[in-house]
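Here is the structure we will look at, set down as structure tokens.
The values are calculated or read from the model by the stated rules, or taken from the named source; none is laboratory data. Because the structure is predicted, anything quoted here is derived from the model rather than measured. Counting neighbours? That spans all protein chains shown, and the Cβs are built from the backbone with ideal geometry, glycine included.
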Amino acid sequence: MNTHLTVLASLGAAILLSPEILILGLIMASDRKAPKLVAWMYALGAALGLAMGLVIGFVVAPEAAPAVADAKPAQPNWMEFIIRALIAGALFWIGAQRLVHAWRAAPIEAVEEAEDAPGAKHGVIAKVKGWFAAKFGGGAELSTPRRCMRGMALGFATMGIHPKCVAVAIAAGHQAMQVTGADQRTLGIAVFSGIAMLPAVAPAIIETARAGACASMKETTERFMKKNGRWMSAVILLGAAVYVGWNAWKSMP
């Protein structure tokens, strides 16, 4: 269990160190009309997106066999190998991308897409923002309910549609299903979810505790996360990719 818990905590930390989630949360918490409500709706959308990724991981993973002394060891099969190899490959690719972006000090794309005019970029966040701009009109004219819907949609897109985060959530769901025992599995999922949700929930908590704090924190936080978050996230993801890849190699028929 300790190994599984370590891997799940590491995957949660990889999302925790994703700059775009925290910075977008700070942007939502800096809303001019209803910062607290919009920030909490952003966190709710992120939670729904994370849950979707976990469920996909549950579905594609074989459930761990109960620990019985005289039980026969599970026979490797090609489907289990392919799923684990794909997850390992996705984690490695995402980790390598973050490493390259950290090396080049590239801009945080999701944040730029959220702040730029619709259609300026073609990423997931830009498409969601563009859809809302077309559906509800200019951001300055949005009513409070529509601002909340926009915040929730951005949270869901960032955590549940963005390839980086959804791949990590699927890997966590798959890893959780390797844990024997419902209590231990629940603990592992709770540890992963608690760590992964911190960057989405923290702005809402900060803004609730101290109004206006998020707007002043955004620039400093973005600078720190851009410089340090990607390096740490890349190392964690590459390590998780090696671990999952090793498990895939063991499950090869």
Output for region 201-243, where each listed residue is closer than 21 Å to V168 by Cα, crowded, with 23+ Cβ neighbours inside 10 Å and in contact with a Ser or Thr (Cβ under 8 Å, 6 or more places away or on another chain): G229, S233, I236, A240
Single residue of region 200-253 satisfying the filter (in contact with a helix residue (DSSP H, G or I) (Cβ under 8 Å, 6 or more places away or on another chain) and among the hydroxyl-bearing types (S, T, Y)) that is modelled with the highest pLDDT: T208
Options L8, L26; residue that is out of contact with any Asp or Glu (no Cβ under 9 Å at 6 or more places or on another chain), assigned to a helix (DSSP H, G or I) and among the aliphatic types (A, V, I, L, M): L8
Residue pairs meeting the criteria (Cβ under 6 Å; at least 6 apart or on separate chains; first at negative phi, in region 220-239; second outside any helix (DSSP H, G or I) and not β-branched (V, I, T)): G229/L17; M232/L17; S233/L17
Among (1) modelled with pLDDT under 75; (2) surrounded by fewer than 18 Cβ atoms within 10 Å (Cβ to Cβ), the one test that K33 misses: (1)
When residues of region 163-199 are limited to those that are within 22 Å of L44 (Cβ to Cβ), surrounded by fewer than 22 Cβ atoms within 10 Å (Cβ to Cβ) and of a type outside the set (A, V, I, L, M, F, W, C), the one modelled with the lowest pLDDT: P163
